[in-house]
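The values are calculated or read from the model by the stated rules, or taken from the named source; none is laboratory data. The shown structure was predicted, so the numbers you read here are calculated from the model rather than taken from an experiment. FYI the Cβ positions are ideal-geometry reconstructions off the backbone, even for glycines, and counts take in every protein chain you see.
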Amino acid sequence: MVIGAGQAGLASAYELARRGVSQVVLEAGDQVGNQWRNRWDSLRLFTPARFDGLPGSKFPAPPDSFPDKNQLADYLEGYGREHHLPIRTGVRALSLERSGDGYRLETSTGTIAAGHVVVATGYQGPKVPALAADIKPEIRQLHASGYKNASQLSGDVLVVGAGTSGVEIAIEAARAGHKTVLAGRGTGAIPPIFYAFEGKFFWFYANKIASVRTPMGRRMKPLVLHHGAPLIRVTMREALVAGVERAPRVTAVDAGFPVCDGGRQLQPETIVWCTGFARDYSWIRFPVAGDDGYPKHVAGVADGEKGLYFMGLPFQTRLASGLIGGQGPDATFVAETIATRIGEAGRMAIPTAATAAA
């Protein structure tokens with residue numbers, strides 16, 4: 001059972017199908033790809049189309065182009081059809097429990113039993129700091145998940161969060177004529193040289209260097225998990241050229257106005273929180289998450305479980321794990337682990353001549 005038909009779930013389903021594993025893919029939405037269709041209007045992928053394909057299918061766009069959100073949504077939907085993946089849309093996972101040697105999932109349409117479960121649900125909701133509740137009600141607040149375009153903004157704009165989404169939205173706000181401040185700690189950036197030679201340097205770096213197999217990757221992983229991935233494609237320089245002003249992190253609220261680290265008070269009319277998304281595993285009725293909120297796993301295989309796996313985690317095995325085209329290697333490992341475990345269980349279940357006679 002694969003829970004979630006985003007890029008991680010679809011890649012997993014493809015690799016499982018290649019190995020002849022019987023499966024069902026559950027998607028809460030009524031259409032595959034809607035999690036992308038509902039993002040902001042101008043959103044484009046961080047990586048060019050040459051690196052955006054899932055296993056078994058190239059992305060149908062010029063290799064050097066950066067596909068938009070709707071192109072990606074259509075690709076994901078078409079991918080499921082092309083590979084005849086057994087997707088059930090409109091089915092929401094409600095609770096997962098251990099049951100005998102396997103698992104029992106309660107869904108919005110009934111109960112499903114499975115020996116192996118791949119959780120590819122992504123993020124469950126926007127993450128906004130608690131201090132947002134103390135902001136003056138006259139100041140409009142949006143999370144990046146609810147942002148569509150600059151028509152939602154009024155007056156001076158504060159964008160909180162200096163990761164890729166924050167930088168892109170800040171640039172859009174500034175170009176629309178709003179005085180825009182971008183607050184937050186920088187997440188670093190992939191050097192421009194890495195995009196040379198059709199981006200091959202970057203792809204090598206994201207897959208081989210920034211990996212849990214290397215000392216550099218192991219140092220990078222906690223930074224990516226807790227402070228955001230480095231800027232990819234977009235640069236802070238572009239934001240400054242567009243007229244965006246930088247400011248430190250927002251750490252407090254005074255008289256209803258946000259205050260940055262160091263004491264500077266800002267008085268925006270609109271705040272856009274680009275502060276990420278929360279993961280919620282409370283629907284899994286047994287412990288799976290560590291103190292940091294992320295599942296305890298090795299390359300997506302859950303610790304201490306016979307048949308539970310995770311896909312689509314940031315830096316699951318390397319920086320590319322968080323990119324569309326980086327799903328293949330992780331899906332291959334998870335699917336191969338499942339197929340091997342199923343094979344071993346089948347072999348153990350075959351009766352010997354002695355037990356058959358008995």
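So the values come out like this:
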| item | result |
| --- | --- |
| Some residue of the range 32-50 being closer than 19 Å to MET311 by Cβ, β-branched (Val, Ile, Thr) and touching a strand residue (DSSP E or B) at 6+ places or on another chain (Cβ under 7 Å) | yes |
| Residue satisfying condition, being under 24 Å from GLY300 (Cα atoms), out of contact with any Cys (no Cβ under 7 Å at 6 or more places or on another chain) and among the basic types (Lys, Arg), within set ARG233, ARG237, ARG213 | ARG213 |
| Considering residues of the range 35-54 that are of a type outside the set (A, V, I, L, M) and closer than 18 Å to GLU82 by Cα only, the residue surrounded by the fewest Cβ atoms within 10 Å (Cβ to Cβ) | GLY53 |
| Failed condition for SER65, given (1) modelled with pLDDT under 95; (2) outside any loop (DSSP other than H, G, I, E, B); (3) not acidic (Asp, Glu) | (2) |
| Residues being in a loop (DSSP other than H, G, I, E, B), surrounded by fewer than 20 Cβ atoms within 10 Å (Cβ to Cβ) and modelled with pLDDT of 95 or more - total across the range 68-113 | 7 |
| Elements of type helices (runs of 4 or more DSSP H) in the range 139-230, at least 1 residues being at negative phi, aromatic (Phe, Trp, Tyr) and modelled with pLDDT of 90 or more | 200-204 |
| Sole exception among (1) at pLDDT below 95; (2) closer than 28 Å to ALA49 by Cβ for VAL241, by number | (1) |
| Whichever residue in the range 13-39 is part of a helix (DSSP H, G or I) and of a type in the set (S, T, N, Q) and, among such residues, is farthest from the chain's Cα centre (by Cα) | ASN34 |
| Residue among PHE277, PHE257 that alone is in contact with a strand residue (DSSP E or B) (Cβ under 9 Å, 6 or more places away or on another chain) and modelled with pLDDT under 95 | PHE277 |
| Residue among LEU26, LEU10 that alone is modelled with pLDDT of 95 or more, aliphatic (A, V, I, L, M), buried (at least 24 other Cβ atoms within 10 Å of the Cβ) and more than 20 Å from GLY322 (Cβ to Cβ) | LEU26 |
| Members of the range 182-198 that are buried (at least 19 other Cβ atoms within 10 Å of the Cβ) and closer than 29 Å to HIS297 by Cβ | GLY184, THR187, ILE190 |
| Test result for VAL212, outside the structural domain of GLY163 (by TED's automatic domain parsing), touching a Ser or Thr at 6+ places or on another chain (Cβ under 8 Å) and β-branched (Val, Ile, Thr) | yes |
| Filtered residue count, the range 305-328, keeping only those that are of a type in the set (Val, Ile, Thr) and either part of a loop (DSSP other than H, G, I, E, B) or surrounded by fewer than 18 Cβ atoms within 10 Å (Cβ to Cβ) (or both) | 1 |
| Among (1) crowded, with 18+ Cβ neighbours inside 10 Å; (2) out of contact with any Lys or Arg (no Cβ under 9 Å at 6 or more places or on another chain) - the single one VAL288 does not satisfy | (2) |
| Enumeration of residues in the range 139-151 that are exposed (fewer than 15 other Cβ atoms within 10 Å of the Cβ) and touching a residue at least 24 places away in the same chain (Cβ under 8 Å) | LYS148, ASN149 |
| Selection from the range 231-267 of residues that are in a helix (DSSP H, G or I) and free of Cβ contacts under 8 Å to residues at least 60 places away in the same chain | ARG237, LEU240, VAL241 |
| Selection count, the range 289-304, where residues are in a loop (DSSP other than H, G, I, E, B), closer than 22 Å to ILE342 by Cβ and either small (Gly, Ala, Ser) or at pLDDT below 95 (or both) | 3 |
| Set VAL253, VAL288: member being farther than 22 Å from THR164 by Cβ and outside the structural domain of ILE139 (by TED's automatic domain parsing) | VAL288 |
